[in-house]
Amino acid sequence: MSSQHLSNLRDRIDQINLQILELLNERGKIVQEIGEEKKKQGTNRFDPVRERESLDLILKYHDGPYEVSTIKHIFKEIFKASLELQETDYEKTLLVSRKAHPENTIVKVGTETIGDGVQRFIMGPCAVESYEQVRQVALAMKEHGLTLLRGGAYKPRTSPYDFQGLGVEGLKILREVADEVGMSVVTEIVTPQDVEQALEYVDVIQVGARNMQNFELLKTVGSVKKPVLLKRGLSATISEFINAAEYIISRGNNQIILCERGIRTYEKATRNTLDISAVPILKKETHLPVAVDVTHSTGRRDLLLPTAKAALAIGADLVMAEVHPDPAVALSDSLQQMDIPQFNEFINELESFKAKLV
């Protein structure tokens, strides 16, 4: 074969490549139109039956030199890229998306503004047990200038025989202590029916990990004028987490804090596995502030400080941890709560660490 002939063949290949590219781009535009139509109809973007029909049609007319397996692979990659194109378009339209809203959302809680670049702390007991217990923790927090008081009045537990919380009585205790010391109440509400009653007592409604995909609860808290702290589900992907937040914002409430609290993996050294990389991903993909719960992600007092430092270093807006006057007699999660001297050391160390980050 002469060099001129080889050059001519390569020129033809280049022209065919450009034709293929033009057709792929044209196909992509049609795929985007299909995606928009599916969105209007509320149907799934992935349609395996339609994909099989398309592949069968292609193979029916295939009579070229390529193996059938090669043709299947090429077109499956095209189908995959098409689905990803539709998903990218869908993500651009999400109300929580950074692409839809480039500026950071600032969540206002009492005197605090969360998401404004100042890193803050949410502290308090795992479960509300008594007025005096909550008050002791709140007074210790006040000495450090902290105002975001957490505490569980309703406790969804793995075992039905474990302490389930004080319910409305717990809410009343939190409100009484918070008003006394000048704090805001952050607590979990577990059913849509309890939301209306809770509004009288809480400043931030927490949606727990087990309720991340309780869509009726998400829609309910999205319809009220209270900030929502949404925790990532035990096995939820980041995409599922973001879509859970979309349920809330789609009802008109954009005062949402996303909370990474560890996900379930095969690892047994910690209660859960802290997905620290979720923080920058969530801050890049959404405009919402991001918190890290170091207590539930690790389940170990000895890991609270290093994981809290990691959270601050990677850009978390909030760090959440649990404090109890006497963890040994706590009615829930005694091994993961700090006592007050440990809490004091924890905050002092983190404030010093924050100063070094500036």
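The values are calculated or read from the model by the stated rules, or taken from the named source; none is laboratory data. Every value quoted in this text rests on a predicted model; they were computed, and no experiment measured them. Cβ sites come from the backbone with ideal geometry, for glycine too, and all protein chains shown count toward neighbours.
Here are the numbers for this structure:
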| quantity | calculated |
| --- | --- |
| Any hit, the stretch 217-239, residues being within 14 Å of the chain's Cα centre (by Cα), under 27 Å from Gly117 (Cβ atoms), in the same structural domain as Glu112 (by TED's automatic domain parsing) and part of a helix (DSSP H, G or I) | yes |
| Residue among Ile242, Ile257 that is in contact (Cβ under 8 Å) with a residue 12 or more places away in the chain, touching a helix residue (DSSP H, G or I) at 6+ places or on another chain (Cβ under 9 Å) and of a type in the set (A, V, I, L, M) | Ile242 |
| Out of Asp339, Asp317, sole residue that is among the acidic types (Asp, Glu) and farther than 20 Å from Val279 by Cβ | Asp339 |
| Ile281 surrounded by fewer than 23 Cβ atoms within 10 Å (Cβ to Cβ) and either within 25 Å of Glu351 (Cα to Cα) or without any contact (Cβ under 8 Å) to a residue 24 or more places away in the chain (or both) | yes |
| Residue within the stretch 226-246 that is farther than 25 Å from Gly315 by Cβ and surrounded by fewer than 18 Cβ atoms within 10 Å (Cβ to Cβ) present | yes |
| Single residue of the stretch 106-143 satisfying the filter (among the polar types (S, T, N, Q) and within 17 Å of Glu180 (Cα to Cα)) that is surrounded by the most Cβ atoms within 10 Å (Cβ to Cβ) | Gln133 |
| Residues that are among the β-branched types (Val, Ile, Thr) and part of a loop (DSSP other than H, G, I, E, B), drawn from the stretch 98-136 | Thr105, Ile106, Thr111, Val118, Val128 |
| Selected residue [in contact (Cβ under 8 Å) with a residue 24 or more places away in the chain and in a strand (DSSP E or B)] from Val185, Val202 | Val185 |
| Where a residue in the stretch 154-181 is at pLDDT 75 or above and its partner, wherever it lies, is hydrophobic (A, V, I, L, M, F, W, C) and surrounded by fewer than 16 Cβ atoms within 10 Å (Cβ to Cβ), with Cβ under 8 Å and at least six apart | Val181/Leu139 |
| Qualifying residue in the stretch 51-62 (condition: acidic (Asp, Glu) and within 21 Å of Glu87 (Cα to Cα)) | yes |
| The stretch 195-217, subset out of contact with any Ser or Thr (no Cβ under 9 Å at 6 or more places or on another chain) and surrounded by 19 or more Cβ atoms within 10 Å (Cβ to Cβ), residue nearest to Thr273 (Cα to Cα) | Ala209 |
| Verdict on Leu95 being part of a loop (DSSP other than H, G, I, E, B), in contact with a strand residue (DSSP E or B) (Cβ under 9 Å, 6 or more places away or on another chain) and of a type in the set (A, V, I, L, M, F, W, C) | no |
| Some residue of the stretch 121-131 being modelled with pLDDT under 95 and either at positive phi or in contact with a Phe, Trp or Tyr (Cβ under 9 Å, 6 or more places away or on another chain) (or both) | yes |
| Residue, surrounded by the fewest Cβ atoms within 10 Å (Cβ to Cβ), within the stretch 36-64, restricted to residues that are in contact with a helix residue (DSSP H, G or I) (Cβ under 7 Å, 6 or more places away or on another chain) and more than 22 Å from Leu94 (Cβ to Cβ) | Leu59 |
| Which numbered condition Met320 misses (of (1) in contact (Cβ under 8 Å) with a residue 24 or more places away in the chain; (2) farther than 26 Å from Val358 by Cβ; (3) not hydroxyl-bearing (Ser, Thr, Tyr)) | (2) |
| Count of residues meeting criterion [surrounded by 15 or more Cβ atoms within 10 Å (Cβ to Cβ) and within 20 Å of the chain's Cα centre (by Cα)] in the stretch 161-191 | 5 |
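Here's the yes/no breakdown for (1) of a type in the set (Val, Ile, Thr); (2) surrounded by 21 or more Cβ atoms within 10 Å (Cβ to Cβ); (3) in a loop (DSSP other than H, G, I, E, B); (4) at positive phi:
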site	(1), (2), (3), (4)
Tyr266	no, no, yes, no
Val292	yes, yes, no, no
Leu304	no, yes, no, no
Thr307	yes, yes, no, no
Glu322	no, yes, no, no
Ser332	no, no, yes, no
Glu345	no, no, no, no
